[in-house]
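Input: a single structure, listed below in structure tokens.
The values are calculated or read from the model by the stated rules, or taken from the named source; none is laboratory data. It should be emphasised that the depicted structure is a prediction, and the values quoted were computed from it without experimental measurement. Neighbour counts run over all protein chains shown; Cβ positions are idealised from the backbone, glycine included.
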Amino acid sequence: MNALLALRSLLFLILLPGTVAGYIPFRILRGSGQLFMPPLSVSAVLAGGVGLAGVCVLLRCVWDFFAAGRGTLAPIDPPRHLVVRGLYQFTRNPMYNGVLAVLLGEAWFFRSTALFQYALLMFVIFHLMVVVYEEPALESRFGESYRVYRNAVLRWGFTARAFAGS
């Protein structure tokens, strides 16, 4: 069971954020003729750091969905338990924040206005997904425990204190 869940987690990691933060930006850069390695600079290193931080956030969230939630990041295979540990103690949507950090790091690294616009579009799509689908689904699935969590932890910002609920 754990091996199958791990395989599903890896598959959905490649399919979903891999497409949004990897394949589509590659296509945007290639289509705009910006697919080149910029010269090494402080700006490029900082941009790479932002992207790497986003990847680390994303991987931590996928791990928490696997280990604590017993599910994956895919809406068709969601966690069976409400995940309120790790980065989820400070913000309700760290996985989306991680993907956005990757996109913003890529836009900065390649100095691509098109990638920046794509990152803004993805933020709007993520926000609509969260508000229209995910929050109602989580409330329906987890009831009062999700309502307590939702009231204590910001959707996009960060709380100063870690959520201590279970």
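Only one of T19, T91, T72 is within 30 Å of R141 (Cβ to Cβ), outside any loop (DSSP other than H, G, I, E, B) and within 14 Å of the chain's Cα centre (by Cα); which?
Matching residue, one of T19, T91, T72: T19.
Step by step: first the residues of the stretch 36-53, then only those that are among the aliphatic types (A, V, I, L, M) and in contact (Cβ under 8 Å) with a residue 60 or more places away in the chain, then the one that is surrounded by the fewest Cβ atoms within 10 Å (Cβ to Cβ). Which residue is that? The residue in question is L46.
Test of understanding: among I24, I14, which residue is among the β-branched types (V, I, T) and touching a residue at least 40 places away in the same chain (Cβ under 8 Å)?
Only one candidate qualifies: I24.
Every condition in (1) more than 12 Å from the chain's Cα centre (by Cα); (2) surrounded by fewer than 15 Cβ atoms within 10 Å (Cβ to Cβ); (3) outside any loop (DSSP other than H, G, I, E, B) holds for C56 except the one numbered (1). When the test is whether a residue is in contact with a helix residue (DSSP H, G or I) (Cβ under 9 Å, 6 or more places away or on another chain), outside any helix (DSSP H, G or I) and of a type outside the set (A, V, I, L, M, F, W, C), D77 passes it. Among the residues making up the stretch 1-18, a single one is loosely packed, with under 13 Cβ neighbours inside 10 Å and either under 23 Å from I125 (Cα atoms) or among the β-branched types (V, I, T) (or both): I14.
When the criteria are applied in full, V83 fails the requirement of being over 30 Å from V42 (Cβ atoms), in a helix (DSSP H, G or I) and not polar (S, T, N, Q).
Conditions tested, residue by residue: (1) touching a Pro at 6+ places or on another chain (Cβ under 8 Å); (2) at pLDDT 95 or above; (3) surrounded by 14 or more Cβ atoms within 10 Å (Cβ to Cβ).
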| site | (1), (2), (3) |
| --- | --- |
| R70 | yes, no, yes |
| P78 | no, no, yes |
| Y88 | yes, yes, yes |
| N93 | no, yes, yes |
| A114 | no, yes, yes |
| Y118 | yes, yes, yes |
| M122 | no, yes, yes |
| F126 | no, yes, yes |
| G157 | no, no, no |
